[in-house]
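First the structure, in the form of structure tokens, and then the observations on it.
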């Protein structure tokens with residue numbers, strides 16, 4: 001029987017008397033017919049834990065089983081939704097708090113951390129209570145307001161550091177953003193304070209970006225799906241590839257190529273890494289980085305791009321990875337243990353071809369590297385095939401998180417539905 005679990009690399013004892021939320025989470029529950037509108041592998045089933053919460057983005061689960069969901073903007077009295085599970089596997093208590101909207105959210109060391117587009121905040125958790133102290137403390141401020149890729153996500157290591165994704169306010173660092181034939185700027189000025197990952201002290205308050213942080217990695221256009229793998233003490237991230245290869249360079253790319261390229265990249269990130277944006281992109285069909293057309297490329301030239309780190313796995317273009325979680329529990333079957341779950345939100349840039357993504361995939365791991373390819377774990381979120389527009393999708397996965405006893409929670413941004421996925425031992 002499991003006697004402990006890992007949170008941020010720290011083994012927490014479960015021998016102490018659990019709170020009401022954890023007791024409820026341990027209770028047997030029936031899953032919903034049809035798994036609440038999604039498909040799962042044999043042996044798995046899902047319950048609609050909560051619904052109609054709003055524009056749900058990332059989510060996190062506390063050691064006592066309480067669930068916290070970030071909303072893109074405040075709705076019905078708050079930018080964060082707090083949910084306490086009941087005995088039936090559904091949320092029995094729902095409360096809202098916080099005057100800000102955002103995307104990144106994680107429980108760490110007794111606090112609920114939450115990221116708006118310009119700040120990383122934290123709320124002190126109160127033992128036994130669903131709501132934390134609702135007066136936030138500022139951990140990091142000073143991130144600039146920007147029109148695109150403004151959302152902040154983050155991950156904690158086991159040494160007291162927090163890693164913040166700072167997306168680039170640009171598609172490909174053109175002189176005129178997203179304009180046909182506009183050349184790229186060299187050196188790209190956005191790389192000074194955007195397009196990478198910054199490291200901060202997770203416990204220190206009132207830090208200011210960028211001077212109080214360390215520029216940990218660069219050349220990442222927008223790495224929303226970020227997570228620390230405590231088992232191998234390594235940071236991982238997924239880069240959203242650039243858009244509009246055909247729209248901006250029709251003489252070099254077909255609509256089909258533009259729909260499939262470039263890859264969404266699964267990155268193993270170490271200090272000082274450079275992954276090549278905006279000068280290069282990864283072509284998963286050629287299995288190499290190639291020079292971006294804004295910098296003289298024609299879809300085949302490698303040029304300078306051989307010097308930049310490669311992804312450990314590549315996905316089809318414009319799937320839009322939003323969240324990443326490594327499975328640390330022992331409830332799911334052995335092949336899932338230590339592997340990665342990735343929520344793909346789906347994008348708009350595959351038109352006029354049908355949209356794709358809209359699923360949660362699983363990547364098995366052996367040590368620090370994937371052990372093969374990927375498989376669809378939770379599918380059919382879109383509910384429409386072929387899908388012409390993201391707005392037509394029934395659901396769009398936006399967050400994924402593991403609960404303290406091995407259940408997997410998935411959030412949806414279209415309606416604010418939350419699923420609780422379990423494995424039924426046979």
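The values are calculated or read from the model by the stated rules, or taken from the named source; none is laboratory data. All values reported here derive from a predicted model rather than from experimental measurement. For neighbour counting, all protein chains shown are included, and Cβ atoms are generated from backbone atoms with ideal geometry for every residue, glycine included.
Does the stretch 318-351 hold any residues that are closer than 23 Å to residue 394 by Cα, in contact with a helix residue (DSSP H, G or I) (Cβ under 6 Å, 6 or more places away or on another chain), surrounded by fewer than 22 Cβ atoms within 10 Å (Cβ to Cβ) and in contact (Cβ under 8 Å) with a residue 60 or more places away in the chain, and which are they? Hits for the stretch 318-351: nothing passes. For the stretch 147-163, taking the residues that are buried (at least 17 other Cβ atoms within 10 Å of the Cβ) and free of Cβ contacts under 8 Å to residues at least 60 places away in the same chain, the one that is farthest from the chain's Cα centre (by Cα) is identified as 161. Of the set (1) surrounded by fewer than 21 Cβ atoms within 10 Å (Cβ to Cβ); (2) out of contact with any helix residue (DSSP H, G or I) (no Cβ under 8 Å at 6 or more places or on another chain), all apply to residue 57 but (1). Only one entry in 118, 103, 135 is surrounded by fewer than 18 Cβ atoms within 10 Å (Cβ to Cβ), modelled with pLDDT of 95 or more and under 19 Å from the mean Cα position of the chain (by Cα), namely 118. With the structure loaded, tell me whether residue 278 is touching a strand residue (DSSP E or B) at 6+ places or on another chain (Cβ under 7 Å), in contact (Cβ under 8 Å) with a residue 60 or more places away in the chain, part of a loop (DSSP other than H, G, I, E, B) and closer than 19 Å to residue 190 by Cβ or whether it fails that test. Yes; evaluated as a whole, the condition is true for this residue. Of all residues in the stretch 365-423, those that are over 20 Å from residue 33 (Cβ atoms), modelled with pLDDT of 95 or more, more than 19 Å from the chain's Cα centre (by Cα) and outside any loop (DSSP other than H, G, I, E, B) total 1.
Okay, residues lined up against (1) surrounded by 20 or more Cβ atoms within 10 Å (Cβ to Cβ); (2) at pLDDT below 95; (3) within 19 Å of residue 105 (Cα to Cα); (4) within 26 Å of the chain's Cα centre (by Cα):
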residue: 176; (1), (2), (3), (4): no, no, no, no
residue: 187; (1), (2), (3), (4): no, no, no, no
residue: 191; (1), (2), (3), (4): no, no, no, yes
residue: 236; (1), (2), (3), (4): yes, no, yes, yes
residue: 241; (1), (2), (3), (4): yes, no, no, yes
residue: 264; (1), (2), (3), (4): yes, no, no, yes
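Only residues that are assigned to a strand (DSSP E or B) and under 19 Å from residue 252 (Cα atoms) were counted across the stretch 295-315, and they come to 0. Only one entry in 308, 295, 279 is surrounded by 15 or more Cβ atoms within 10 Å (Cβ to Cβ), farther than 24 Å from residue 179 by Cβ and either at pLDDT 95 or above or under 20 Å from the mean Cα position of the chain (by Cα) (or both), namely 308. Between 229, 222, the distinction of being touching a residue at least 12 places away in the same chain (Cβ under 8 Å), under 27 Å from residue 298 (Cβ atoms) and crowded, with 16+ Cβ neighbours inside 10 Å belongs to 222 only.
Among residues that are at pLDDT below 95, touching a strand residue (DSSP E or B) at 6+ places or on another chain (Cβ under 9 Å) and closer than 22 Å to residue 57 by Cα, residue 343 is not included.
Rundown of residues vs (1) modelled with pLDDT of 95 or more; (2) in a loop (DSSP other than H, G, I, E, B); (3) under 23 Å from the mean Cα position of the chain (by Cα), yes/no style:
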site	(1), (2), (3)
18	no, yes, no
22	no, no, no
41	yes, yes, yes
69	yes, no, yes
83	yes, no, yes
